[in-house]
Amino acid sequence: MENSSGNSEIQNLRSQIAALQQLLDVYEKTVLEQADKLYREITERKKLQDELARLATTDALTGIFNRHKMDELLGMEINKAKRYKSPLSLIMLDIDHFKMVNDT
């Protein structure tokens, strides 16, 4: 009788372990799905941030840096020239009727 009771307990424990393993499998699948979803969302957000940064610093028509970005880069170059005590030259062109040039 004691042997039958022990076998019953062992069978009960095996059933509990199997049930816990099933729960663990479901939990693991859910965690992996959520991690994948989060990765995709982060990737998409990073792409959008990069695109926003590009749009904020370039001219939509020409694709060249806008005034804000040029001011930022010029400031960096001036600081670098001061730090290394090197000369700095700057050439700027102002093209009248640029649209006619750009459209050709």
The chain: helices (runs of 4 or more DSSP H) wholly inside it with 3 or more residues that are modelled with pLDDT of 95 or more are 2-57, 67-83
Here are ALA81, ALA35: which of them is within 29 Å of the chain's Cα centre (by Cα) and small (Gly, Ala, Ser)? ALA35
Give the residue that is nearest to ASN102 (Cα to Cα), with candidates limited to residues of segment 42-78 that are among the hydroxyl-bearing types (Ser, Thr, Tyr) and more than 17 Å from the chain's Cα centre (by Cα). THR62
Number of positions in segment 82-103 that are surrounded by 10 or more Cβ atoms within 10 Å (Cβ to Cβ) and either among the hydrophobic types (A, V, I, L, M, F, W, C) or in contact (Cβ under 8 Å) with a residue 40 or more places away in the chain (or both): 3
One residue is enough: does segment 43-56 have a residue meeting the conditions out of contact with any Ser or Thr (no Cβ under 7 Å at 6 or more places or on another chain) and β-branched (Val, Ile, Thr)? yes
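The values are calculated or read from the model by the stated rules, or taken from the named source; none is laboratory data. Just so it is clear, the model here is predicted, and its values are computed rather than measured. Backbone-built Cβ (ideal geometry, glycine too); neighbour counts: all protein chains shown.
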